[in-house]
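Q: Got a structure for you, written out below as structure tokens; questions coming shortly.
The values are calculated or read from the model by the stated rules, or taken from the named source; none is laboratory data. This is a predicted model, so every value here is computed, not measured. Neighbour counts run over all protein chains shown; Cβ positions are idealised from the backbone, glycine included. For accessibility, only protein heavy atoms count, side chains too; no ligands or nucleic acids. Shrake-Rupley method; radii C 1.70, N 1.55, O 1.52, S 1.80 Å.
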Amino acid sequence: MSTIFGIPAPALYGQILIGLINGSFYALLSLGLAVIFGLLRVINFAHGAQYMLGAFAAYLLLNYVGIGYWPSLMLAPLIVGAVAVVIERTMLSRLYSLDPLYGLLLTFGLALIFEGMFRYWFGAAGKPYSPPAQLAGGVNLGFMFMPIYRGWVVIASLVICLGTWLLIEKTRLGAYLRAATENATLVQAFGVNVPRLLTLTYGLGAALAALAGVLAAPIYQVSPLMGSNLIIIVFAVVVVGGMGSILGAIVTGYMLGVLEGLTKVFYPEASSIVIFVIMAIVLLVRPAGLFGREE
Amino acid sequence: MRDAPLLEVRDLNAWYGESHVLHGVDLDIREGETVTLLGRNGAGKTTTLRAIMGILRRREGVIRLRGQDLLKLPLHKVAQAGLGYVPEERGIFASLNVAENLMLPPKVAESGMSVEEIYRLFPNLHERRTSQGTKLSGGEQQMLAIARVLRTGAKILLLDEPTEGLAPVIVQRIGDVLVALKERGMTILLVEQNFRFARKVADRFYLMEDGRMVGSFPGPELDAHMDQLHEVLGV
Amino acid sequence: MEFRGFIAVNNVTLSVNEGTVHALIGPNGAGKTTVFNLLTKFLTPTRGQITFRGSDITALKPAEVARLGLVRSFQISAVFPHLTVLDNVRVALQRPSDLATQFWRSSSILSTLDDRAMSLIDAVGLSSYAHLPAVELSYGRKRALEIATTLALDPAMLLLDEPMAGMGHEDIGRISDLIRRIARNRTVLMVEHNLNVVSDLCDRVTVLARGEILADGSYDTVSADPRVREAYMGTEHA
Amino acid sequence: QQVSDNVVKIGILNDQSGVYADFGGKSSVEAARMAVQDFGGKVLGAPIEIVSADHQNKPDVAASVARQWYDTDKVDAIMELTTSSVALAVQGLSKDKKKINIVTGAATTDLTGKQCSPYGFHWAYDTHALAVGTGGALVENGGNKWFFLTADYAFGYSLENETSKFVKSKGGQVLGSVRHPLSANDFSSFLLQAQSSGANVVGLANAGLDTSNAIKQAAEFGLTQSGQRLAALLFTLAEVHGLGLKAAQGLTLTEGWYWDQSDENRAFAKRFMEKTGRMPNMIHVGTYSSVLQYLKAIQKAGTDATEPVAKALHEMPVEDVFAKKGKVLPNGRMVYDMYLFQVKKPEESKSEWDMYTQLAKVPGDDAFIKASESGCQLTQ
Amino acid sequence: MAVETHYIPAQPKARTSTVVLGAVAIAALLAAPFVVYPVFMMSILCFALFACAFNLLIGYVGLLSFGHATFFGGAAYFTAHAVKVWGFEPLAGLLVGVVGAALLGLVVGFLAIRRQGIYFSMITLALGQMFAFICLQAPFTHGEDGIQGVPRGHLLGLIDLNQPLAMYYVTLAIFLFGFFAIWRIVHSPFGNILQAIRENERRAISLGYRVDRYKLGAFVMSAALAGLAGGTKAIVFQFATLTDVQWQMSGEVILMTLLGGIGTLIGPVVGASLVIALQNYLAAYDFPVTVLIGVIFVICVLIFRRGIAGEVIELMRRKAG
Ligand SMILES: Nc1ncnc2c1ncn2[C@@H]1O[C@H](COP(=O)(O)OP(=O)(O)OP(=O)(O)O)[C@@H](O)[C@H]1O
Ligand SMILES: Nc1ncnc2c1ncn2[C@@H]1O[C@H](COP(=O)(O)OP(=O)(O)OP(=O)(O)O)[C@@H](O)[C@H]1O
Ligand SMILES: [Mg+2]
Ligand SMILES: [Mg+2]
């Protein structure tokens, strides 16, 4: 059996594949974060909480309303997106003219509230959620046992990422949004309904987070804390990719997933900070991130 | 109905935060007319434009476009009603390239200039169309800011010092453009320091001082009012 | 100077003699501001050399260039918005008077700079706004403030990027006088589109077009050059 | 006067809102109240009061609450003390202040080892007991080749080290281990390494959400199907319930108490259930027991002064719903029997909380370190 | 990124009232341990100093550091180690903490100040995470147990810090020293230049200021003062643990500063007092602490954007005309 750095090659393939799967979550979450940051200049600290809300929405829909996984995949993002729209209308929209710091602080506060309330209601240990019957089980790939559900996650996230990217980069919408982040008043003075645009964008970003949450529910415990640690990593992903660059967020998400996976093999203790090491190096060498535009 | 003003401003007051800047400004612009606001630095010219556009929200008085009250409209509706604005600080977007900047404002009517026409008018923009908006030279940014509203088909242009920082040839060209636009029936409210330029295009002048209108006269009578200009502008 | 393949300034050889007012004019996008950025090291030249008073400054950092006495103003106004007019000027006065790094002393010692600051502010006609935060000034006055701040450094050489842009007639007169006055024992290199000012003030004019020098000489020689008329002046400035 | 300030105040200090909120949390406070009620509400004629606080897993919050309790609020003893850093900090403080503290929620053996206190007691489990229970007993049950998933901090290491020791002493092998960061979320990579290691037991030397996620994902990757057993080194009923039997089935773990072990236990659990809506785990019942025993000690000493009460606590046997024939070692360690459990399959379970099958009993004397070997200065 | 702060120049007529207010505040602080529980007060003073040090950066240089826990917690470890393991006298131990924090500040600052805005925050966050990782791994920090049982000892061999009152007054003295150091820095010629740099960095460069040195200087000062706070905390509480170096701590200090008022001298003190008081008093209530803190956060951002102190100062300024 061939080995690479003392690790059997098939085991390494397995690890790379796993890294890619985790990367899907990073990509999906950082996508939403990048959309919100890139377009609203708000660092959405509530993103982790919205991801958690998505997972809980799925859990609650199943256990209290009897709605299963597939409809939840649509419904949960809608619900969370609607909540986000309300947040944007009533709170965030007042902060656009200020330093981005305030958006960060507001969403940080909201994250504390959501997480605290859910912990209060549901406890910290988390709730179970099973994958849909169609996706249960796994296949043996020879070098590893691959749960079918994880395969589905990779495919779903790729499709969503691509779709969002096309929506934003290839339509006029993207130009409006980018311009509005710089000078919303002027864009509005050109006749664009900027407030509505921003509301929808925030809703979309949050819905993406919720979607990731539903996808994650069958894999991780549905727990009030599931997003709180993730947010900071995902945020690093966005920064490495280049803040505001949608493509950067996606590519970096997958890439860092793999890198983190490899770290888990070679120096597992450091797997939690490998992303930060990479972020520090990237920012020192390429200040605007891998795909960012220097300003 | 050539006499009913297209844009009518009555007793306009405006504030920046607590400070009261416009004190009862009256202004009429008839359809197809080019009106120039003159005044020293800090007289309130920019503020007048910003208040009309609704960019400055704290204002009182009457602003009517064809009888429709603009004061209550949300900002984007003002633009949709046909007002095009070229801000003093140009407002070029760094995150968009030149072409994207140009294409950014949605069309409000079909009568705007085509992109080819615009590029013919400002060859610099064509040459630099893929570079980042704010990487343009100061003058090129000014051209872009003007070009941007010409595309939209806005019927009334509010131009804040459009010739600032432009080379004399370009100033001359812009003068020609304004004259051409006028012939097409465009209505223009111009703020200008360079009145050698302004006299070429203006049908009427308004004089501002300390947030008030202190005089108004038809374009051809400019020479007759030189004394007043001297006093207000220090020419 | 090359921006991602676009050559903005090419092969410009420009020498400014000490004690003169030198104008740099040319069509928009000719590369005038870029030249300023190169001289003050806000940009690094792809090729070439810059010497100031005999010493090579090509490799220096922007702040170092300024410390040697080569100071610029910006085309798009650059003030410290939330400082008052007086404080804006004082910030500039602080550096040459070594009142900048002391973190253990009270800032009240800065009042020793007030007289000089006020006389500069007065010179640009802003004395009645001295205690207003700079954001609240109208555009033209911000430009005037910027010139006062630049002058406060008492530089050996001043680079003024369109100092008159956005100013009213009265101020143009005032600033012209001021520049004339300070130019008696200093060197000034200015970019300006107002040809009255150029002809009035400048000893020598260099015309830049498409990143290269088109003409060079006194205002009269330059303005007689048909190429300059075509590229820059247009027909009206005869 | 026998009782200081005419009231006996007991402080329950633990994590009520963070990762360990289910582990002990508010239900522990309820358990303490039950003990007071069962004791009769008064001791030596003085009323008994329970106060509680959420230390949010911050040692400095815990320390300042504890100081304030001792200095101004007339609290006589502090109990529960989830998480090691908090327990060590409060025990250190209590030692200085000459006050009694009884730990049920923290695992580190240092509490009765290097950092022991004459007034400090460790009541429920500790890392050693968990290691003996799961490590030792499981080898005897056929799990002889181990691979560890270890949380990358002191608690994880000591669990892994001690467990390895017992695995080896029983003739088992440790094939390897991988250290994962705290709150790792995704364990698939580590599980894959465990899977390819050839071990037949995967030991989870971590806690809380980490353990839950590891177990859930192990099920997903078919670890148990491929013949491996999962052994959670620190896991309790509360968390098994949160995970669900579907994911947790087959898991082995060590706990010091289970509600379905006897009529007495069932009766206690029923009362507890009525108050809190959940079944108790060993931390809850341990807290109940520690409060009860503390009150008994006051009764016996005839005062609530620290020295005599501590002496009584050291001398008295523990005999209640939590511990049978329990005894307290000179280093403060309460010794009682632990049990190795296996989580039932969903189809075996008859009710919501019917989750464990008992595999083995670990006698207290085997489960806990002897006082003389603990490294505690007081015993040398 | 120009933080919307409200720099209020010291007005001559406000001088006397400031002096009076200051005297009252100091008198209150001197009397506090007889009214309020001393350890609680000490905890407030430590965090208040930490928040003030942080505010020096955000409020006066406009740099949002997301890794200030590194200096606070790092110094706590250094001091704890020096006092406990090396047997240093408390003041010397504090010095070790402060110097250590300043050195960390030099390294972090050197790497971070070359970036602006959010990128600056991210680099400080990244380096902070790395430092937290080192603290988790390094043997001398004792992992998640932390360094426990740090002796308070005798200050200069004379004053017994095990006496709560002695410890309190020493802490108060340290706090006042730090607070006035910050006050001095802010209202110094150096502080003026920092302000100018924050307002318009390019312009400051063009005036000949070596901006990076000023920023680095401010960063190191802020780190050293945060270290002073952290070291003091280690001695007061007698332990140093991981909580102090984790990013949540960096977040908390932002909260305190924001709550009190960014860019006001007294703001961080007010904010820190409030947060610490909430954490301590709410500990005993059923309601989850984090939710309440979240609510306060939201309210502050939406309504009291200047922070509590900032709003009060603004109110007084308006009254004064
Ligand atoms: N953002 C602001 N905040 C407060 N006051 C302002 C602000 N902008 C302008 N002002 C004040 O409003 C008055 C009018 O300014 P305005 O910009 O309208 O003048 P202007 O006539 O356009 O002058 P310029 O020719 O210099 O552009 C001035 O006194 C100015 O100081
Ligand atoms: N940072 C940059 N990146 C790319 N292109 C640039 C950059 N800065 C300037 N340019 C381009 O270089 C050319 C010269 O610009 P410059 O600003 O020097 O012109 P200028 O002579 O000052 O013109 P104006 O009179 O309009 O201010 C312009 O075409 C501009 O688009
Ligand atoms: Mg203006
Ligand atoms: Mg220029």
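Q: Would you kindly work out the equivalent ellipsoid of the stretch C:80-153 from its C-alpha gyration tensor and give its semi-axes, the square roots of five times the eigenvalues, largest first in whole Å?
A: So the three semi-axes of the stretch C:80-153 are 21, 12, 10 Å.
Q: Antiparallel as a % of all DSSP beta bridges within the stretch B:7-233, to the nearest 5? Let's see the in-between values first.
A: Numbers: 23 of 41 bridges.
Taking every DSSP beta bridge within the stretch B:7-233, about 55 percent pair in antiparallel fashion.
Q: Can you tell which of E:LEU274, E:ALA166, E:PHE179 lies farthest toward the positive end of the dipole of the stretch E:35-320, using +1 and -1 charges on the Cβ of basic and acidic side chains (Lys, Arg; Asp, Glu)?
A: About the Cα centre, the residue reaching furthest to the positive side is E:PHE179.
Q: At what distance in angstrom do the alpha carbon centres of the stretch C:138-165 and the stretch D:338-375 lie from each other?
A: Going from one Cα centre to the other spans 82 Å.
Q: Still on this structure, I have one more. Give the lysines whose C-alpha is closer than 27 Å to that of A:LYS264, dropping any in the same chain fewer than 8 places away, or say none.
A: A:LYS127, D:LYS145, D:LYS165, D:LYS168, D:LYS216
Q: Another one. Please list, in order along the stretch E:250-255, the HN-Hα scalar couplings obtained from phi with the Karplus expression 6.51 cos²θ - 1.76 cosθ + 1.60 (θ = phi - 60°), rounded to whole Hz, x for Gly and Pro.
A: 4, x, 4, 5, 5, 4
Q: While we're here: Rounded to two decimals, what is Rg over Rh for the stretch E:162-202 when you use alpha-carbon atoms and the Kirkwood radius? Present the calculation step by step, with values, prior to reporting the outcome.
A: Working: Rg = 16.2 Å, Rh = 12.1 Å.
With Rg and the Kirkwood Rh in hand, the quotient comes to 1.34.
Q: Place a label point 7 angstrom from the Cα of B:ARG64 along the Cα-to-Cβ direction, then list the residues of the stretch B:1-36 whose backbone nitrogen is under 14 Å away.
A: Answer for the stretch B:1-36: B:3-12, B:27-30.
Q: Return the distance in nm (one decimal) between the two label points of a simple spin-label model at D:GLU49 and E:ALA173, each offset 7 Å from Cα along Cα→Cβ.
A: Each label point is offset 7 Å from its Cα along the Cβ direction, giving 3.7 nm.
Q: On to the next question. Considering every residue in B:78-84, what mean count of other chain Cβ atoms within 10 Å of its Cβ is obtained? Intermediate values should be presented prior to the final figure.
A: Details: counts 3, 6, 4, 1, 1, 2, 3.
Per residue, the number of nearby Cβ atoms from other chains is 3 on average.
Q: For a quick check: with amide H placed at 1.01 Å from N, whose amide H comes under 5 Å from B:PHE205's, ignoring anything fewer than 5 positions away on the same chain?
A: Hits under the 5 Å cutoff: B:THR36, B:PHE217, B:GLY219.
Q: Taking a probe of 1.4 Å and counting only protein heavy atoms, give the total accessible area buried between chains E and D in Å², rounded to the nearest 100. Please report the intermediate quantities before stating the final value.
A: Details: alone 15490 and 14360 Å², together 27460 Å².
That pair of chains buries around 2400 Å² in total.
Q: Near the amide H of C:ALA209, under 5 Å away, which other amide H atoms are found, from residues 5 or more places off or on another chain, if H is placed in the peptide plane?
A: C:LEU214
Q: Could I ask something else about it? Pull up all non-local amide H partners of D:CYS116: gap of 5 or more, or a different chain, and H-to-H distance under 5 Å with H placed in the peptide plane.
A: Amide H neighbours of D:CYS116: D:GLN377.
Q: If you count the DSSP beta bridges with both ends in the protein assembly as shown, what percent of them are antiparallel, to the nearest 5?
A: Values: 57 of 128 bridges.
Taking every DSSP beta bridge with both residues in the protein assembly as shown, the antiparallel ones total about 45 percent.
Q: Once phi is turned into ³J(HN,Hα) by the Karplus curve 6.51 cos²θ - 1.76 cosθ + 1.60 with θ = phi - 60°, what whole-Hz value does each residue of the stretch B:36-51 show in order, with x for glycine and proline?
A: Running phi through 6.51 cos²θ - 1.76 cosθ + 1.60 with θ = phi - 60° gives 10, 9, 10, x, 5, 4, x, 6, x, 5, 4, 4, 4, 4, 5, 5 Hz.
Q: Considering only protein heavy atoms, with the full assembly of protein chains and a 1.4 angstrom probe, order D:LYS99, D:LYS216, D:LYS165 by accessible area, largest first.
A: Details: D:LYS99 50, D:LYS216 20, D:LYS165 120 Å².
From most accessible down to least: D:LYS165, D:LYS99, D:LYS216.
Q: Here is a further query. Could you pull out the longest piece of chain B with no exposed loop GluC sites (Glu not before Pro) in it, calling a site exposed if DSSP puts it outside H, G, I, E, B and it has at most 13 other Cβ atoms within 10 Å? Don't skip to the answer; put the middle values down first.
A: Values: sites that count: B:GLU18, B:GLU110.
So the longest stretch without any such site is B:111-235.
Q: What ranking of E:TYR169, A:TYR254 comes out by heavy-atom accessible area, probe 1.4 Å, highest first? The partial results should precede the final answer.
A: Numbers: E:TYR169 75, A:TYR254 30 Å².
The ordering from most to least exposed comes out as E:TYR169, A:TYR254.
Q: I want to verify a result. In a Gaussian network model of chain E, Cα cutoff 10 Å, which of these has the top mean-square fluctuation: E:TYR119, E:TYR281, E:TYR214?
A: E:TYR281
Q: Using the beta-carbon distance between A:GLN134 and A:LEU166 and R0 = 25 Å, what value does 1/(1 + (r/R0)^6) give for FRET efficiency, to the nearest 0.05? Before the final figure, lay out the partial values.
A: On the way: r = 28 Å, r/R0 = 1.11.
With R0 = 25 Å, the Cβ-Cβ based efficiency is 0.35.
Q: Beta carbons within 10 angstrom, averaged per residue: use that to sort the peptides A:269-280, E:40-51, E:153-164, C:94-105, highest first. Please list the in-between numbers first.
A: Numbers: A:269-280: 22.7, E:40-51: 26.8, E:153-164: 14.2, C:94-105: 17.2.
Going from most to least packed, we get E:40-51, A:269-280, C:94-105, E:153-164.
Q: Restrict the search to the stretch A:1-110; then list the chymotrypsin sites (Phe, Trp or Tyr not before Pro) that DSSP places in a loop and that have at most 16 other Cβ atoms within 10 Å of their Cβ. Before the final figure, lay out the partial values.
A: Numbers: sites: A:PHE5, A:TYR13, A:PHE25, A:TYR26, A:PHE37, A:PHE45, A:TYR51, A:PHE56, A:TYR59, A:TYR64, A:TYR69, A:TYR96, A:TYR102, A:PHE108; in loops: A:PHE5, A:PHE45, A:TYR96.
Answer by residue number: A:PHE5.
Q: Another one. Would you mind giving the mean number of other chain beta-carbons within 10 Å of the Cβ of each residue in B:140-150, as a whole number?
A: Values: counts 3, 4, 2, 2, 0, 0, 0, 0, 1, 1, 0.
Shielding by partners across B:140-150 averages 1.
Q: Mind checking the mean number of beta-carbon atoms from other chains within 10 Å of the Cβ atoms in A:175-181? Present the calculation step by step, with values, prior to reporting the outcome.
A: Details: counts 8, 4, 1, 6, 11, 3, 2.
Mean partner-chain Cβ count within 10 Å for A:175-181: 5.
Q: Right, another one. Helix-only mean residue ellipticity at 222 nm, chain D, DSSP H runs n ≥ 4 weighted -39,500 (n - 2.57), per residue, nearest 500. What is it? Write down the numbers at each step before the final one.
A: Numbers: 14 runs with 146 residues, N = 380.
Roughly -11500 deg cm²/dmol at 222 nm, from the helical runs in chain D.
Q: Additional query: Ranked from highest to lowest mean number of other Cβ atoms within 10 Å per residue, what is the order of the peptides D:75-83, C:199-207, E:247-255? Present the calculation step by step, with values, prior to reporting the outcome.
A: Numbers: D:75-83: 28.2, C:199-207: 20.2, E:247-255: 22.8.
Listed from highest to lowest mean packing, they are D:75-83, E:247-255, C:199-207.
Q: Continuing with the same structure: Enumerate the calculated ³J(HN,Hα) couplings along the stretch A:155-161 in order (Karplus 6.51 cos²θ - 1.76 cosθ + 1.60, θ = phi - 60°), each rounded to whole Hz, writing x wherever the residue is Gly or Pro.
A: Once θ is set to phi - 60°, the couplings for the stretch A:155-161 become 5, 4, 5, 4, 5, 5, 4 Hz.
Q: Please report Rg (one decimal) and Dmax (integer) in Å for the Cα set of the stretch B:78-235.
A: Calculated on Cα positions, Rg and Dmax stand at 16.3, 49 Å.
Q: Quick check: pseudo-label points 7 Å beyond the Cα along Cα→Cβ at E:VAL107 and E:ALA28, how many nm apart are they?
A: About 4.1 nm separates the two model spin labels.
Q: Continuing with the same structure: State, as an integer percentage, the relative contact order of chain C based on alpha-carbon contacts under 8 Å between residues 6 or more apart.
A: Details: 375 pairs, mean separation 73.2, N = 238.
Relative contact order for chain C comes out at 31 percent.
Q: Could you list the trypsin sites (Lys or Arg not before Pro) in the stretch D:235-329 that lie in coil according to DSSP, counting only those with at most 12 other Cβ atoms within 10 Å of their Cβ? Don't skip to the answer; put the middle values down first.
A: Values: sites: D:LYS246, D:ARG266, D:LYS270, D:ARG271, D:LYS275, D:ARG278, D:LYS296, D:LYS300, D:LYS311, D:LYS324, D:LYS325, D:LYS327; in loops: D:ARG278, D:LYS324, D:LYS325.
Of the trypsin sites (Lys or Arg not before Pro), the ones in loops of the stretch D:235-329 whose Cβ has at most 12 other Cβ atoms within 10 Å are D:LYS325.
Q: Per residue of chain E, what 222 nm ellipticity follows from adding -39500 (n - 2.57) for every DSSP H run with n ≥ 4, rounded to the nearest 500?
A: Values: 13 runs with 232 residues, N = 321.
Using -39500 (n - 2.57) per qualifying helix, the result is -24500 deg cm²/dmol.
Q: Spin-label point model (7 Å from Cα, Cβ direction): what's the D:LYS165 to C:LYS61 distance in nm?
A: 5.6
Q: Looking only at chain D, where both bridge partners belong to it, what percent of the DSSP beta bridges are antiparallel (to the nearest 5)? Provide the component values of the computation, followed by the final result.
A: Working: 15 of 52 bridges.
Once the DSSP bridges in chain D are tallied, antiparallel ones form about 30 percent.
Q: Given a 10 angstrom Cα cut-off, can you work out which residue in B:ASP223, B:ASP69, B:ASP28 is the most mobile in a GNM of chain B?
A: Evaluated over chain B, the most mobile residue of the options is B:ASP223.
Q: Rounding to the nearest 20 debye, state how big the charge dipole of the stretch A:73-192 is about its Cα centre with +1 on each Lys and Arg Cβ and -1 on each Asp and Glu Cβ.
A: Roughly 180 debye for the stretch A:73-192.
Q: Please list D:127-137, E:63-73 highest first by mean number of surrounding beta-carbon atoms within 10 Å per residue. Mind dumping the intermediate values first?
A: Numbers: D:127-137: 27.2, E:63-73: 30.0.
My ranking of the peptides, most packed first, is E:63-73, D:127-137.
Q: Out of the trypsin sites (Lys or Arg not before Pro) in the stretch B:123-216, which ones are loop residues according to DSSP with at most 16 other C-beta atoms within 10 Å? Could you put the intermediate results ahead of the total?
A: Details: sites: B:ARG128, B:ARG129, B:LYS135, B:ARG148, B:ARG151, B:LYS155, B:ARG173, B:LYS182, B:ARG184, B:ARG196, B:ARG199, B:LYS200, B:ARG204, B:ARG212; in loops: B:ARG128, B:ARG129, B:ARG151, B:LYS155, B:ARG184.
Of the trypsin sites (Lys or Arg not before Pro), the ones in loops of the stretch B:123-216 whose Cβ has at most 16 other Cβ atoms within 10 Å are B:ARG129, B:ARG184.
Q: Sequence gap at least 6, Cα distance under 8 Å: using those rules, report the relative contact order of chain E to the nearest whole percent. Provide the component values of the computation, followed by the final result.
A: Values: 506 pairs, mean separation 101.3, N = 321.
With pairs under 8 Å counted, the relative contact order is 32 percent.
Q: How long are the semi-axes of the ellipsoid equivalent to the stretch A:3-285, from square roots of 5 times the Cα gyration tensor eigenvalues, in whole Å, largest first? List each step's numbers first, then the result.
A: On the way: eigenvalues 193, 108, 60 Å².
Each semi-axis is the square root of five times an eigenvalue, giving 31, 23, 17 Å.
Q: Using alpha carbons only, how many angstrom separate the centre of the stretch A:153-173 from the centre of the stretch B:103-129?
A: 30
Q: Find the relative contact order for chain A and round it to a whole percent, using C-alpha pairs within less than 8 Å whose residues are 6+ positions apart. List each step's numbers first, then the result.
A: Values: 468 pairs, mean separation 109.3, N = 295.
With pairs under 8 Å counted, the relative contact order is 37 percent.
Q: Rounded to whole Å, give me the distance from the Cα center of the stretch D:196-235 to that of the stretch E:117-193.
A: Measuring centre to centre over Cα atoms gives 41 Å.
Q: Next up: Can you give me the Rg/Rh ratio for the stretch E:172-248, using Cα atoms for both radii and the Kirkwood formula for Rh?
A: Working: Rg = 16.0 Å, Rh = 14.4 Å.
Over the Cα atoms of the stretch E:172-248, Rg/Rh equals 1.11.
Q: Please compute the Cα-Cα pair-distance distribution of the stretch B:157-235 with 10 Å bins starting at 0, giving whole percents from short to long.
A: Answer for the stretch B:157-235: a P(r) of 17, 51, 30, 3 percent.
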